Each structure stands twice: as structure tokens, then as C-alpha cells.
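The values are calculated or read from the model by the stated rules, or taken from the named source; none is laboratory data. Here the structure is a predicted model, which means the values were calculated and not measured. Using ideal geometry, Cβ is built from the backbone for each residue, glycine included, and neighbour counts are taken over all protein chains shown.
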Amino acid sequence: MRFAPHTDDDVTEMLGALGLSSLDDLFETVPKTVRLDRPLAIPDGVSEMELVADVRALAAANRHLDQLVCFAGAGAYDHYVPSIVWALAGRAEFATSYTPYQPELSQGVLQVLFEFQSMICELTGLEVSNASLYDGSTALVEAVNMARRGSRSRVLISGGVDPRHIETLRTYGRGAGYEPEVFAVPEGRGGVPDVADDVACVVVQHPNVFGILEPAREVFDAVRDAGAYAIQVFDPLSLGVLAPPGELGADIAVAEGQGLGNHLNYGGPYLGLIAAQMQDVRRMPGRIVGETVDLDGRTGYVLTLQAREQHIRREKANSNICTNQTLMAIAATVYLAWLGPAGLAELGRQCASRAAYAADRLTSVPGVQLAFSAAPFFKEFALRLPMPAVHVRDALLDHGILGGVPLSSAGDDVLLVAVTEKRDRGEIDRYASALGEVLG
Amino acid sequence: MKEGAPIRGQSPRAESGTIHDRSVPGRTAFSFGPLDVPEARVPAAFARATPPGLSEVAEIDLVRHYTGLSQQNYGVDTGAYPLGSCTMKHNPKVAEEVAGAAGFRRMHPLQPDATAQGTLELLWRLERALCEITGMARATLQPPAGACGEMTGLLIMRAFHTERGGGRTKVVIPDSAHGTNPASVRLAGFEAVNVPSDARGLVDVSALDKLVDEDVAGLMLTNPNTLGLFEQEIEELTRIVHRVGGLVYYDGANLNAILGRCRPGDMGFDIVHINTHKTFATPHGGGGPGAGPVGVVEALVPFLPVPRVERREEGFVLDVDEPRSIGRLHGFHGNVGVLVRAYVYVFLHGADGLKAVSELAALNANYLAHLIQPDFPLAHPDGRPLHEFVATARLLEHATGVRAVDVAKRMIDLGYHPSTVYFPLVVDEAMMVEPTETETKETIEGLAAAFRRAARDARESPELLHEAPVTTPVRRLDEARAARHLKLRW
């Protein structure tokens, strides 16, 4: 299967115009010593129907989430994706375009991104958002880059932050020259870092990796009093019911935006969210869309503050991001407009209620308890089990249930359980009885 | 003349405003089932006091608003998109359908490996195909974009040198490099050092020879380079860097030129990143998502990120136990949905089809360069461009005062997306043109006619260029005002 439309006559005529006799002549500048003198060792091309059969067989070897009831979360959640989201975000005019370097041809993407930025500001209670980053983990890396300046270079991070975020930060920190310092969270929440005058930022996740609500306001007050940046890792789908980062005193807020209308996709493509105060806008990474006017005074949108970015600032740029996750941001925009304020509040109410019900039912199974019993949570909670969490999770698969994510950083017997608006009472009850059988 | 495919709506756009302007209190689009469990509220101390100012609209509002916006956007499906360095080729529809299947899309990243054997096998096969295409030993598919691939490669470079005692501070890049190269170099903790091009538009070999010493961690190159020209002394270039113990990094921006014809590994490169959204036609998505897999030679395999897909007796597994790994660069496993599309593209084409891709990409680029050369000569007329070329509007500017940006805007009124302009920075009035292999001969000729018509207009009616575009929903936008009076949200 090929997509190049050339007929043999086309090729002959075009080569003739160039004064060449064969396609090989186009490659005369490639030294003979580096030419590949054999075909690539991959199969020759196939028809579309053959390829589809091959790939369908691979898909069939997966057990996907229409086959398993999903209680797994840990940063990626089985929220409902309404049909409208990809019916619109998937439109080819969006999907087959690129970064809007020619704004007159790109008002569609530019305006959607302006709306996206507006919605993220509304959600977070912060003043400025960019047009998306790769994912939640890399968004945290970018936030830390924003906060580090001069002698303020140390990075303190709560042990309640997703361990994958911390691992990612550690990887990038090796290049930038810092090692994130993790402070302990006693009883699954809290923890007070010592913010010296060489600390750039303190990172707290709320709700944290155990699903627990953190006393973020108190921590952020102390961090800001000490002159460091308060960075919150947040859950965008919690913000219909939970106080937003701006109100809690966060200077920068970052999140995994997958739950906003994006499918789970085995880990990507997702999108990273970042929002901050206007005073820091020139330190923000990535694309930012601004409103302006055209020659006739009509409202229009452009990429703005590009002097921050790598293609202008080169080695002085604060970030190297170029291609981002625009299509995912378009999906998030449509999704948030679908929800509206009432939908976001109802979503939060449903998640919190279903999670509370699930925690009640699951901890009624003998030997099962909450890992942190006194702590309030939102849509996710950690169970302590009477046997290794990996075994329990695997045994639950036989009951058609993906029961959660083992959280080895908290102990081999800890299983993190997420409950979205999709998990109804029957599924939760079925999980509880399956867990009873597995443990019984 | 035959014209291109103008963007929808040749009249000025109606002032329809944002989705928020359609908001009416109480109007909704969402629906959830009834709450069939007891209601639980978050504790008052944590609760949100005032709801966020999201829009209140019905589904029909969403449909009309975002469909309308999509019609104010130009994509490959709209018309030719010869944006140099970006490889805006046709995106196969079958890849969309396959990646949208529940078997791929409805997979949680932390499912047990035993329940994800299909995806893991697909990633494993794709890794092997990419290694064969680039001549590398192993690859990571985790980086979600090319710039992240660069960061991955540079951190591998750093880890390699650290094991050997460290101390290397510099990475050499050509003066024509994409901005992500120097930005990545600095973020990886190195200093970027420029090596100049010579009169042929190729890396100046003797300048590189003088530049490199034992402070040099490596060299980053594209090949063909940013001018579309093959670095003919590539073996000498890689030898010079290897001689001082440095590594050579291949920026895969231009891989579409050489598929099946030559391989970075055989040229002496040690690290390669691939942009699947360029070479393997995964849709660019208005600016993303992409994917930036990174391949390495055998000696660097221990440093690759985790998790890695391995084939074991029990099946395919995600391996995280690699003590010399640089670690994780993405929260999960990268842009897997994009990689599924890349798999479809690679195996649909196969070895023979991929070779044809590069041949016809080079044919289209050379044919177009030839047709417009009387008005827009190549920046390096003695060179043989491959998949793209850099022409210059310098002569036209001297004669008429019309600049490359004006030509670009006139191209819009003639129905085409313009080329990249003012990149690479080393060429005056640069026009970087990459038609790709999926355009027909007629489209290439249509593009050429539009370029030449723009040049004629520049001489005869330059106001057509200075005032262009006039057929789009908005005319030229005041970018200075956007930066001066920041309005970044409603």
C-alpha cells in the first residue's frame, strides 16, 4: 500500500524535466560507502485489509476496559468520554494541521487554544495557562524549571506526589543540575518541609497519590512566606467540588489532563496542564495564544510571547518544547464546554460519592482496611490487604475486574483504588464480593 | 492558472465570539446517570466556594461553534501544505480507525502486562522496525515528541560520559540547526557550540576538526541537513567526533529523505531520534501529539529509559529493572496511540514502500525547486536537495522590496499553505519548501504556478502581496499588539 500518487508516466516526465534518467540519480550525493545495498529487513508492503487484519489480531490479544471493569487510576482515569468530544476534536481540519505558524490559515486551532487557556484559568483560579504540555509528569518538570532561579535552586517535593512524577523529575534534574528532595508524609498526608533560602519550590499533590486531601493551604502559606514557589499537582476533574489551586495559594499548578475527554490509550497521548500567575508569564514554557486584531480591526488570535521559545531564544530558552499536545487540548476544551459548571460539580459529586461507597463496601470485606483510615479522600483511596496487592489484582482479573494499582511505594499490601462517575453500584458491589472470594 | 484549495469562507468571518459568548445560564449539554449510592460530599474545609466560570451551552452550540472553527483551519486534508521541515504528508485514514479500536484505546497504562500483550507486541515489533530503518540496536518509544527525543538522547550522552569520568561540557551543533537543538543541549546541562556551514551549505569539516576536543560530549546533526542537502563527508564528520571520544546524534527531522537508501547507523551516528508525525504520517494534530522514539547503538543500550518492552518466555513485559537507565521521561509509556498509527504506516508500506516514499519525496521536491528556480533560486544552487529545499526571495526583495513573508501571504490567497519562511536563519529571505511524496504532479505544478504568479505580482502589483491575505477569515494580525497588550484568556 502506498499513498504517493505518481504514475510511471509522471515519474518519467518529472525526471526528464530535471535531466535525470532514474530515481537513483536524485541520490547521487549520498556516498557509496554509506548506501544500503540491500532492502530493509522488514516485510514488503501489504494491502490495507491485510494490515487491518494483522492489527485487529493484536488488539484482540489485549483485555481492554470494555471487558474489564476499571478501578485503576494512579494518574490515568476511566472517566466517560462523550461522543461529541472526538466528533469535533477529531475533525480533519484540526487533526491534519500543524502548529499555527500562519495565523490567517489557523484561526480555528488558535481560537480553540485561547478558549482552552481561558477554561484552565477558570478551573484553577490562576491567571494564565499555556496551550498544553506533553503530560502531567513533564508539566511538573516545566513548573520546576520556571521556579528555579539564581541561588534558589533546590527542589522539595512531597512524598505524596505520584512516584512517576518524581521519577520523571529526577531524570530531567540530572541535566538541569538538581536532585529532587522528597519529604515524608506521615499518615498519608501533611508533612512540613524546611524551606531554607536556597529552596526554589515546594511541590505538593492535592489530592495526593493516595487519593487523600492534603492540607495544602497551610503548606503553601508557609512556602510563600519563605520566598519559594508553591507548586500544586492537581486533578482537573476535582475542581467542581474542591477549592482551586489559586485559592489555596499555589503559584504554579500542573496536572495530567487525560481525564478531560481523552481516552486512556495505554498511557498517551495525554496532555499536561500548567497555570500560573501573570507575573510569571514570561517564564512559562510552550505555546501561548493571545487575542489581537487584524488590519481591519477584526478580532483574531496569534501565538504570542514567542521570544520565550526555543525557535527564537535557542540555548537561552527555558524549555525545549516545540510540538505539544494540541489535539488533546482541543478535546479537553470541547469536554469542558460539554460539562459546564453544573456538569463539573455533578461529576465531582458522583466521583466522591461512588468512591466513598466503594471504600465502605470494600473495607467491609474481612481483613481489608483503608491504609490511612482517618484521612479524607476524593475519588481514589488506598486499601491495605491481608496479602500482596499484586496477587489480589491478578486474581480479580478472573472476575472481570481491574481492581486497582498496587502501590509498592506504600507497601506490598497496598492497592490504590479509583472510582469514577462510570462505576455504578452494581459494579462496586460485584467488586466487593469478588474481593471477598479472592481473600476468602 | 489552476489554483489550490482555499480555506473555507472567502468572506470576512462573522464576529461569532468564543464559546463563552454563547453561554446562557442554566443551559447544559452533559448527562450523567442517577446517583445510585448514598451522597458523600468533600469536607467543607476543602470545598470550592464559587463554581468555575465555564460556559453553559447545549450540544448543538458545541457542534456549530467548533465545526465553524474547524472550517477556519487549513490542514493536509484541505490542501497542499509544503511547510519545510515539518513533512506535512497525507495521514492515512486507516491508521485513525485502527488506533480508535477499543482494543487499543480503552487500555489503562498500569494494567498488568498479561492483559496488554497485543499492545506490547505492537510496540516491540515497531521498535525493531525502527531500529532496522535507522541502523540502531535498540530504541525507546517513550519520548512524546522530537524535542523530548533530543533530551533523551542528550541525557544518554551525559550518562555515557559520566560513567567514563565525565567532565565533558560541550555539544556541537550546526549553525543551521532547529532551535530545539540548542535548547535541549542547555537543558541537558551542556553548552551549545556552533559549527559553521561552508559555501556548499554543508558542515565545514576543517572548522569541526578545529572545534572538537575532549570537552566535547557530542555532535548533533540532521542528514540531509536543514538545507535539504546530504552531508557528503558524513563519515569524516562522525570520525572526527569519535576520535575525541564524543558521540554523534542524528536529529530525525529529515529522515523522510533517506528511508531504505541509507541509515544513520551506517553513517556513524550513535543516537537517532525519529519524528513519527513527520516521517510516518501520524497526524500533526494542530501542533501535537507527536512521538519521538530514540534509537541507540549497542554500547548505549543500558542507558535507554525505562520501562522497556522485552520479550520473555512468559510473553511481552514492561521491564523497569535497568540500573544504568537514565530513567523515565514521560509519566507512562509515551504517546502509544500515536505509535499505533506509526506501526500502521510502517507496515502498510513495508521495505519497498518506504524506499519509494523517499524517492518520490525527493522527486517532488526537486521538480518543484526546478519549476520555481527562475524566481526563487536555491540558496545553494550547486547542491542536490533531497526531500526539501531552501530557496531564497533575496533577488525578489532587492528588485521589488517584497519579502519572503509577503510571498507566503500571497500564496495563501492563491489557495495554498505557504512554505516555512525565515528558517534556517543562515539564509537571507529563506523559503524552506517540503512538498512531500503524497502530492500529485498536478499539485506540484499548481504550487509552482502560484509561487511564480506571486513573483510576477511582486513586480507588477506589489500591493497584492503587501496586503495579502485577503481571502481568509482574518487579514494580517497585529502580533506586536498581542505581545504588548496581553489578552490570554476571555
Within the stretch A:101-128, restricting to residues that are within 7 Å of another protein chain (Cβ to nearest Cβ), outside any helix (DSSP H, G or I) and touching a helix residue (DSSP H, G or I) at 6+ places or on another chain (Cβ under 8 Å), the one that is farthest from A:Glu247 (Cα to Cα) is A:Gln102
Checked against (1) of a type in the set (A, V, I, L, M); (2) surrounded by 18 or more Cβ atoms within 10 Å (Cβ to Cβ); (3) not assigned by TED's automatic domain parsing to the domain that holds A:Gly211, A:Leu113 satisfies every condition except (3)
Quick one: would you say B:Asn194 is surrounded by 24 or more Cβ atoms within 10 Å (Cβ to Cβ) and within 25 Å of B:Leu227 (Cβ to Cβ)? no
Within the stretch A:68-100, the residues that are among the hydroxyl-bearing types (Ser, Thr, Tyr) and either in contact (Cβ under 8 Å) with a residue 12 or more places away in the chain or part of a helix (DSSP H, G or I) (or both) are A:Tyr77, A:Tyr80, A:Ser83, A:Ser97, A:Thr99
Is it fair to say B:Arg459 is outside the structural domain of B:Thr226 (by TED's automatic domain parsing), surrounded by fewer than 20 Cβ atoms within 10 Å (Cβ to Cβ) and in contact with a Ser or Thr (Cβ under 6 Å, 6 or more places away or on another chain)? yes
Could you go through the stretch B:222-229 and let me know if any residue there is touching a strand residue (DSSP E or B) at 6+ places or on another chain (Cβ under 6 Å), closer than 25 Å to A:Asn324 by Cβ and of a type in the set (Ser, Thr, Tyr). yes
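For (1) within 11 Å of another protein chain (Cβ to nearest Cβ); (2) among the charged types (D, E, K, R), each residue gets a yes or a no:
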{"residue": "B:Ala450", "(1), (2)": "no, no"}
{"residue": "B:Ala455", "(1), (2)": "no, no"}
{"residue": "B:Ser461", "(1), (2)": "no, no"}
{"residue": "B:His466", "(1), (2)": "yes, no"}
{"residue": "B:Arg484", "(1), (2)": "yes, yes"}
State all residues of the stretch A:371-380 that are within 13 Å of chain B (Cβ to nearest Cβ) and farther than 23 Å from A:Val81 by Cα; if no residue qualifies, say none. A:Ala374, A:Ala375, A:Pro376, A:Phe377
Buried (at least 24 other Cβ atoms within 10 Å of the Cβ), more than 30 Å from A:Met14 (Cα to Cα) and touching a strand residue (DSSP E or B) at 6+ places or on another chain (Cβ under 7 Å): is that true of B:Gly292 in this structure? yes
Only one of B:Ala430, B:Ala393 that is away from chain A (no Cβ under 13 Å), under 25 Å from the mean Cα position of the chain (by Cα), surrounded by 23 or more Cβ atoms within 10 Å (Cβ to Cβ) and more than 24 Å from B:Lys89 (Cβ to Cβ): B:Ala393
If a residue counts only when it is surrounded by fewer than 18 Cβ atoms within 10 Å (Cβ to Cβ), which strands (runs of 3 or more DSSP E) contained entirely in the stretch A:169-284 have at least 1 such residues? A:181-183
When you go through B:Ala217, B:Ala192, B:Ala207 one by one, which is the residue that is among the aliphatic types (A, V, I, L, M), part of a helix (DSSP H, G or I) and at pLDDT 95 or above? B:Ala207
Of the residues in the stretch A:403-416, those that are surrounded by 23 or more Cβ atoms within 10 Å (Cβ to Cβ) and among the aliphatic types (A, V, I, L, M) come to A:Val405, A:Leu415, A:Leu416
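A quick yes/no check of all residues on (1) over 30 Å from B:Asp36 (Cβ atoms); (2) at pLDDT below 95; (3) at the interface with chain B (Cβ under 7 Å from one of its Cβ atoms):
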position	(1), (2), (3)
A:Val293	yes, no, yes
A:Val302	yes, no, yes
A:Leu305	yes, yes, yes
A:Glu309	yes, yes, no
A:Arg314	yes, yes, yes
A:Thr333	yes, no, no
A:Ala342	no, no, yes
A:Gly348	no, no, no
For the stretch B:366-384, give me each residue that is touching a residue at least 60 places away in the same chain (Cβ under 8 Å) and either more than 9 Å from chain A (Cβ to nearest Cβ) or within 15 Å of B:Ala455 (Cα to Cα) (or both). B:Leu368, B:Ala369, B:Leu371, B:Ile372, B:Pro374, B:Asp375, B:Phe376, B:Ala379, B:His380, B:Asp382
Of everything in the stretch A:350-370 that's more than 7 Å from chain B (Cβ to nearest Cβ) and within 30 Å of A:Ser132 (Cβ to Cβ), which residue is nearest to the chain's Cα centre (by Cα)? A:Cys351
Pick from the stretch A:44-67 the residues that are in a loop (DSSP other than H, G, I, E, B) and more than 7 Å from chain B (Cβ to nearest Cβ): which of them is farthest from A:Gly343 (Cα to Cα)? A:Ser47
Considering B:Gly79, B:Gly26, which residue is more than 7 Å from chain A (Cβ to nearest Cβ), modelled with pLDDT of 95 or more, out of contact with any His (no Cβ under 8 Å at 6 or more places or on another chain) and not in a helix (DSSP H, G or I)? B:Gly26
Where residues in the stretch B:154-167 are surrounded by 24 or more Cβ atoms within 10 Å (Cβ to Cβ) and under 24 Å from B:Ala207 (Cα atoms), which of them is nearest to the chain's Cα centre (by Cα)? B:Leu154
Is there any pair with a first residue in the stretch B:89-115 that is more than 7 Å from chain A (Cβ to nearest Cβ) and a second that is among the polar types (S, T, N, Q) whose Cβ atoms are under 6 Å apart and which are 6 or more apart or on different chains, and what are they? B:Lys89/B:Thr436; B:Lys89/B:Thr438
Can you give me the number of residues within the stretch A:68-85 that are under 19 Å from B:Leu69 (Cβ atoms) and surrounded by fewer than 21 Cβ atoms within 10 Å (Cβ to Cβ)? 3
Go through A:Ala196, A:Ala230 for me and flag whichever is more than 23 Å from A:Ala382 (Cβ to Cβ), among the small types (Gly, Ala, Ser) and within 21 Å of the chain's Cα centre (by Cα). A:Ala230
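To keep it simple, each residue is scored yes or no on (1) in a loop (DSSP other than H, G, I, E, B); (2) hydroxyl-bearing (Ser, Thr, Tyr); (3) over 23 Å from A:Asp24 (Cβ atoms); (4) at the interface with another protein chain (Cβ under 8 Å from one of its Cβ atoms).
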site: B:Thr226; (1), (2), (3), (4): yes, yes, yes, no
site: B:Gln232; (1), (2), (3), (4): yes, no, no, yes
site: B:Arg239; (1), (2), (3), (4): no, no, yes, no
site: B:His242; (1), (2), (3), (4): no, no, yes, no
site: B:Asp251; (1), (2), (3), (4): no, no, yes, no
Please name all residue pairs, on different chains or six or more residues apart, with Cβ atoms under 8 Å, provided the first residue is in the stretch B:38-49 and is exposed (fewer than 11 other Cβ atoms within 10 Å of the Cβ) and the second residue is of a type in the set (Asp, Glu). B:Ala49/A:Glu247
Step by step: first the residues of the stretch B:293-347, then only those that are within 14 Å of chain A (Cβ to nearest Cβ), aliphatic (A, V, I, L, M) and part of a helix (DSSP H, G or I), then the one that is farthest from B:Thr162 (Cα to Cα). Which residue is that? B:Val344
Against the conditions (1) aliphatic (A, V, I, L, M); (2) more than 7 Å from chain A (Cβ to nearest Cβ); (3) surrounded by fewer than 18 Cβ atoms within 10 Å (Cβ to Cβ), where does B:Leu126 fall short? Just the number, please. (3)
